[in-house]
Amino acid sequence: MTAFFHALASQDFLQIAFIGGLLASIACGVMGSYVVVKRMSFLAGGIAHAVLGGMGVAYFFGKSPISGAIAAALVAAWVIGWVSLRWRQTADTIIAALWSVGMAVGVIFISMTPGYNVDLMSYLFGNILMIPRSDLYIMATLDGLIMLAVLVFYQQFMAVCFDEEFARLRGLPVVFFYLLLLTLVALTVVVLIQVVGLILVIALLTLPAAIAAQYLRRLAPIMVLATILGMLFTGGGLALSYTPDLPAGATIILVAGTAYLVSLLVTGFARRRRC
Amino acid sequence: MNPIVILKGVSFSYGGPPVLEEVDLAVEEGEFLGLVGPNGSGKSTLLKILLGLLEPSSGQAEILGGTPAQARGAIGYVPQFAAFPHDFPISAGEVVLQGRLGHVRIFGGYRAKDREIARQALLETYVWDLKDQPIGSLSGGQLQRVLLARALATQPKLLILDEPTASIDPRAEEDIFDLLKKLKSRMTILVVSHDIGFISQYVTRIACLNRRLVCHTTSALTGEMIQQLYGSPVRMIRHTTR
C-alpha cells in the first residue's frame with residue numbers, strides 16, 4: 001500500500017487514474033441512486049453494452065472512441081426510453097436485443113479495423129491507468145452537466161421516478177423528464193466506462209447506491225453517501241491492484257461487491273435481532 | 001346545481017370486446033358519488049377516461065366544461081394503494097408536496113406558498129406528525145391518508161379515489177370515509193370501490209357499473225339491484241378484510 005502512495009505522489013498516470021476515479025464516483029453516486037430507486041439497472045445495462053457499437057464505429061473511422069461512446073449512449077438511451085414507455089410488455093426483449101446487437105456491431109467494426117486490436121479489452125473491462133488527460137476534462141464536463149440537471153430538476157425527477165401517473169396528471173411532461181433522466185444515465189455510463197469498462201459498469205452504477213439505500217431513507221443523502229462510497233471503492237480498488245499488478249477495473253468491482261455483501265449481511269443481521 | 005362531470009354514450013374497448021358500453025352519467029357539483037361494480041366491470045377504465053389517460057372509443061366525456069385532459073389541474077387523484085414501490089426513499093411530506101407539481105415553476109423547487117398548502121393538507125388528514133417519516137414505515141391507513149393529503153394539496157374541485165380502502169383495516173377504512181365526509185362540503189367526490197355495503201353509508205349516490213351503467217340510486221341498495229349488477233343471483237355478500 002505504501003508503494004501505491006509513493007507512486008501516487010510521483011507518477012502522473014496514477015494521479016490521472018485517481019482523479020478519473022473520483023470524477024466517475026460523482027456521476028455514479030448521483031445517477032446510480034436514480035437507477036436503483038427506479039429499478040432500471042437493466043435499462044442501464046442495455047445502454048452500456050450498446051455503447052460498444054458506437055465505440056467500434058468511431059475506432060474504425062479513426063475518431064476518438066469516447067465521442068463514439070457518447071453518441072451511441074445517447075441514441076441507445078432514447079431508443080430504450082421510448083421503447084420502454086411505448087411497449088411496456090415487450091420492452092424487456094427489445095432492450096436485450098439492443099444490448100447484444102450493439103455489442104455485435106462494435107466487435108465487427110473493431111475487427112475490421114486494421115492493426116493490433118488491443119483496445120477491445122480495455123473497452124470491455126476498462127483501463128483506468130490509460131485514461132488520457134483530455135478525457136478527464138470530458139469526464140468533469142459530463143459530471144458538471146449531470147449535477148446541474150439534477151439540481152435544477154430534482155423535484156421533477158423525483159416525481160417521475162416515484163409515481164409517473166400522478167406526475168402526468170399534474171401536467172408534468174413525463175416523457176421529457178424520463179428521457180432526460182435516461183440521457184443523464186447514458187452520460188454516466190460513458191464516464192464510468194473509462195474506469196471499469198462497459199461490462200462492469202452496472203456494478204459500479206448500482207452497488208454504491210444500493211448500499212447507501214440500505215441505511216438512508218431520503219434520496220439526496222443516498223446520492224451523497226453513494227458518491228463517497230464510489231470514491232472509496234475506486235480509490236481503494238486502484239490502490240489494492242497496484243502492487244500485485246491486478247486489473248484495476250476488476251479490483252474496483254470486487255471491492256464494491258465485497259462491501260455490498262458485507263452490508264447485506266450486517267443489515268440482515270441487524271433486522272433479525274430487532275425481530 | 002350544475003353537473004361538473006358529464007359522460008354521454010361513452011364506450012371503450014382495448015381492441016377486443018367492449019369494456020364500457022354506452023355509459024351516461026352526470027355528476028352534480030357537491031355530490032359524493034360511489035362508483036361500484038365487480039372486478040373487471042370497467043371501473044378502472046372509466047376512471048382513466050375521467051382522468052384523460054384514455055380516450056373513449058365513442059361518446060363524450062366532459063369535466064368542468066372541458067375535456068378531461070384540460071380539467072386535470074382541478075382534479076385531485078388518489079391512486080390505488082399499490083401504485084408505486086413502498087421502499088422508495090421519500091418522506092410523507094415530500095409526497096404531499098408533489099401535489100403542488102402542476103403549480104411550481106419549471107426551474108427551482110417549491111415555494112413557501114406550496115409548503116403552506118401542503119402543511120394544511122397534512123394537518124387536515126391528521127398526518128402532519130408523520131411528515132418526516134419515510135413512506136415505507138407508514139401503515140396502510142397512514143399511507144392512504146398521505147395520498148389523500150397529496151390530492152388535497154392540488155386544491156381540487158373534483159376528488160377521485162380509486163379503491164381507497166382496498167388494503168387497509170376496517171378501522172382505518174372508517175377514518176378515511178369520515179375524512180371524506182368532512183371534505184364533501186368543499187368539493188365533489190367520486191369514490192371507486194367494490195365494497196358496496198360499506199360505502200353506501202357515506203355516499204349521496206351510488207352508480208353501479210358492469211360494462212354498462214346498470215343502476216344508480218340515492219337510497220340503500222336492494223338485493224334486486226345487486227343481482228342486476230352482478231348478473232346472477234347473489235346469495236351472500238361477505239365483507240372480507242385482509
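Tabulated results
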{"item": "Signed unit charges on C-beta, dipole axis of the protein assembly as shown, positive-most listed residue A:242, A:214, A:121", "result": "A:214"}
{"item": "The range B:124-217, accessible area per residue, ligands and nucleic acids excluded (1.4 Å, Å²)", "result": "37 Å²"}
{"item": "Part-to-part distance (alpha-carbon centres) for the range B:1-15 and the range A:1-43, which is given in Å", "result": "56 Å"}
{"item": "Most mobile listed residue (A:215, A:123, A:260) in chain A, GNM with C-alpha springs under 10 Å", "result": "A:215"}
{"item": "Residue A:172 accessible area, assembled protein chains, probe 1.4 Å, Å²", "result": "20 Å²"}
{"item": "Listed residues A:241, A:10, B:139 arranged by accessible area, highest first, probe 1.4 Å", "result": "A:10, B:139, A:241"}
{"item": "Percent RCO, i.e. relative contact order, over the range B:1-139, from Cα pairs under 8 Å lying at least 6 residues apart", "result": "20 percent"}
{"item": "Accessible surface, 1.4 Å probe, highest first, among residues B:184, A:63", "result": "A:63, B:184"}
{"item": "Total accessible area lost when A and B pair, probe 1.4 Å, Å² to nearest 100", "result": "2700 Å²"}
{"item": "Whole-Hz ³J(HN,Hα) from phi, Karplus 6.51 cos²θ - 1.76 cosθ + 1.60, for the range A:38-43, glycine and proline x", "result": "8, 6, 10, 5, 5, 4"}
{"item": "Listing of the range B:53-77 residues, each with accessible area lower by at least 20 Å² in the full protein assembly than in the chain alone (probe 1.4 Å)", "result": "B:53, B:72, B:77"}
{"item": "Rounded accessible area of residue B:128 (nearest 10 Å², 1.4 Å probe)", "result": "90 Å²"}
{"item": "Gaussian network model of chain A, Cα within-10 Å springs - most flexible of A:113, A:227, A:188", "result": "A:113"}
{"item": "Pairwise label distance in nanometres, residue A:175 with residue B:174, each label 7 Å out on the Cα-Cβ vector", "result": "4.8 nm"}
{"item": "DSSP-defined antiparallel bridges as percent of all bridges, the protein assembly as shown, nearest 5", "result": "50 percent"}
{"item": "Accessible area of residue A:168 in the full protein assembly, 1.4 Å probe (Å², nearest 10)", "result": "80 Å²"}
{"item": "Beta bridges by DSSP in the range B:111-224, antiparallel share as percent, to the nearest 5", "result": "50 percent"}
{"item": "Whole-Hz ³J(HN,Hα) from phi, Karplus 6.51 cos²θ - 1.76 cosθ + 1.60, for the range A:135-147, glycine and proline x", "result": "5, 4, 5, 4, 4, 5, 5, 4, 4, x, 4, 4, 5"}
{"item": "Between the range A:104-164 and the range A:213-234, the alpha-carbon center distance in angstrom", "result": "20 Å"}
{"item": "Heavy-atom surface of chain A, accessible at 1.4 Å and reported per residue (Å²)", "result": "44 Å²"}
{"item": "Accessible area in the full protein assembly, largest first, 1.4 Å probe, for B:163, B:116", "result": "B:116, B:163"}
{"item": "Å² of accessible area per residue within the range B:11-106, as computed with a 1.4 Å probe and no ligands counted", "result": "38 Å²"}
{"item": "1.4 Å probe, heavy atoms, protein only - residues of the range A:160-177 losing at least 20 Å² accessible area vs chain alone", "result": "A:162, A:163, A:165, A:166, A:168, A:169, A:170, A:172"}
{"item": "Percent carbon-and-sulfur accessible area, the protein assembly as shown, ignoring ligands, DNA and RNA, probe 1.4 Å", "result": "61 percent"}
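The values are calculated or read from the model by the stated rules, or taken from the named source; none is laboratory data. Computed from a prediction, not measured in an experiment: that's the story for all the values here. As a convention, Cβ positions derive from the backbone with ideal geometry for all residues, glycine included, and neighbour counts pool all protein chains shown. These accessible areas exclude ligands, DNA and RNA; they are computed on the full protein's heavy atoms, side chains included. Shrake-Rupley method; radii C 1.70, N 1.55, O 1.52, S 1.80 Å.
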